[in-house]
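The structure appears right after this line, and notes come after that.
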Amino acid sequence: MRLRSLPAAVAVAAVVLAAVPVQRTAAQVDEALPPRATLPTEIPSPPRAIVPTVAPGYRAPLAEPSNPGIVGVTATPFVGISLQDAVAMALLKNTNLAISASNVRIARYRIVQAKANYDVQLQVGPSSSFSVLPPENIFFAGPGVSGNYTCINQFNGQPYPCSTTGPGYIIQHQYSFQSGVHGQTINGLQYGASITQTRTYNNTIINTFNPYYLASLNLSATQPLLKNAGMNAIKHDYKLSFITADSNEAQTLVDASNTLAQVEDTYWDLVAAWRNVAIQEEALHQAEAQEHSVVRLATRGAAPAVTAVEAQTQVANFQSQVFAALEDVAKLQNQLKSLIVADPGDQIWKANLVPSSPVRELPSIGELRDVVAQAQQLRPEMRQVFDQRRVADLDRAYAKNQALPQADLIVQYQSNGFAGRLQPVPNFEYQGCALPPPFQFTCPTPPPQTQGNMTQAFHNMWTGAYPTFNIAVNVNIPLENHTAHALKQIASQEEDQAQIQQQALNQRIESEARNALDSYQAALSRLSAASQARASAESVYASELRKFHNGGSTTFLVLQRQVELAEARGSELQAQTDLNKAVVELQRVEGTILSDNGVNLQTLGAQALPNTPKPR
């Protein structure tokens, strides 16, 4: 018995220990707390603003419903437009695409402008000068004329009249014509070639030839050996113009991609808007039929009068939704027209557009990695990032070249041609040549090839009778070269920017691909669910309507089923529209929207100004 009572005693002791708290519990009273609760002090109410009387006696005006049409268009006949036609018109007439395509042409003209630095420059310079100078002495004087002069006797110094030939005026007339070409090659070689011909008339008596002719051929070349060799500022700008043109083309393709997405989205929104009008019209017809039925029942006393008022209220609500749906159609028509035409006077603005393309077939959608890979291959944004890296590489090559010392090789060649007509030998020179021995010497005779006119001078020039050749090396070493250092740092920053932008673009493509696939899959699921909900709502409404006619339902339930059916049809329509737009977004993300719609840069925006002749 003692053994049997022992477990019971242990259990009773455990229950007692568990009930007695070892520490203070939350339910026990704390000596620091007041013994009992006190009533809270009343908080005064904050002051309230005084509301003035706004528009006393205001009430909504009594207004008749307006014409449910679209402003500026003819309600009928309707003008059908396919998605392909809308896209084609946008590619030809969209104003933004026209401006973007014009920027591409401007960038290509910039390339032509950059080529002007390598144009061969033709230089022509005729000149003529004439002067008459007084004689300075017997050597620098003209031949003079005979006349009476006052002479001085060399023995007694007395003046006396004499007849002699005195020095005359120096008459000079020079005509020259210079022509030549000069230019620069893409690798920095500067070249020049010119021919100068001069005819000089000078009657000074000491001149052997009068007139005399000069012909000169000048050839020069300056080739950089280190700095500006291979890469220079002009070549840098020339190559940069190609990269800029390619980047502008890529930007135009980006604009075309975004514009096409807007056109297709607006088109499918317009499809949904017109279908929504039909849904609301159908709901209105059903509400009107219900109203007529309820009115007949209320007239016979089979239904209370309030049910007729309920039905009439529902009809008014559906009428409001019809007008709202038509407003959406008008806004979307204007939005679509603004995307596909450029002229506000275009006749399409007067057309009541109705989409005619059927629901598009669903494309085959690949995995996420396939969408990303295709986007990285086809998206024009990838060209832009690649062009930014090309700019950085070009700037680095230019900076590296500018860090070199300057050493220019200069080569010059000149071939001179001379010819002229011999003048009579002056008396004092002739007498000096005819002195008696031992002072006698033979007067020098000019070479035969120097006697003649300009033809002889050109002959001497082409045969190289009097050549001059010069070669030199000009070395210039900057001690600090801050320009090259700054260019190098700028190129380094541009390379970092290009790498960051590449990473950012890859991340954006990844994010857009994920969102596009999620939207597509979600739209598919919502469309399936919305279709089932719409079919169920149709069955429920038909059943509720049969029950009402058999007296087993109420007007309120029938009207509620009508609203649910209209909402279900609207949800299905929205899901179908979202699916169409999800397909458009997938095409834009993948980059296939351009090839699928046949985008051609040559004709992009070509009809934005149809009455203006295009420049050639």
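The numbers here are math on the coordinates, done by the rules we state, and not lab data. This structure is a prediction, so every number in the text was calculated from the model and none was measured. All Cβ positions, even for glycine, are placed from backbone atoms using ideal geometry, and neighbour counts span all protein chains on display.
Things worth noting here:
- Links that overshoot a 29 Å alpha carbon limit, given the list Lys331/Lys581; Lys547/Lys581; Lys93/Lys235: Lys547/Lys581; Lys93/Lys235
- Here Lys227 is the anchor, and the aspartates and glutamates within straight C-alpha reach of less than 19 Å, apart from those fewer than 8 places off in the same chain, are Asp237, Asp393, Asp395, Asp408, Glu480.
- Peptides 471-480, 360-369 ordered by packing proxy, namely the average of other Cβ atoms within 10 Å per residue, highest first: 360-369, 471-480.
- Take the Cα of Leu225, step 7 Å toward its Cβ, do the same at Ile490, and the gap between the two points is 2.9 nm.
- Segment 297-396 has equivalent-ellipsoid semi-axes of 56, 23, 14 Å, by the square roots of 5 times the alpha carbon gyration tensor eigenvalues, sorted largest first.
- Ranked by how many other beta carbons lie within 10 Å on average, peptides 332-338, 515-521 from highest: 332-338, 515-521
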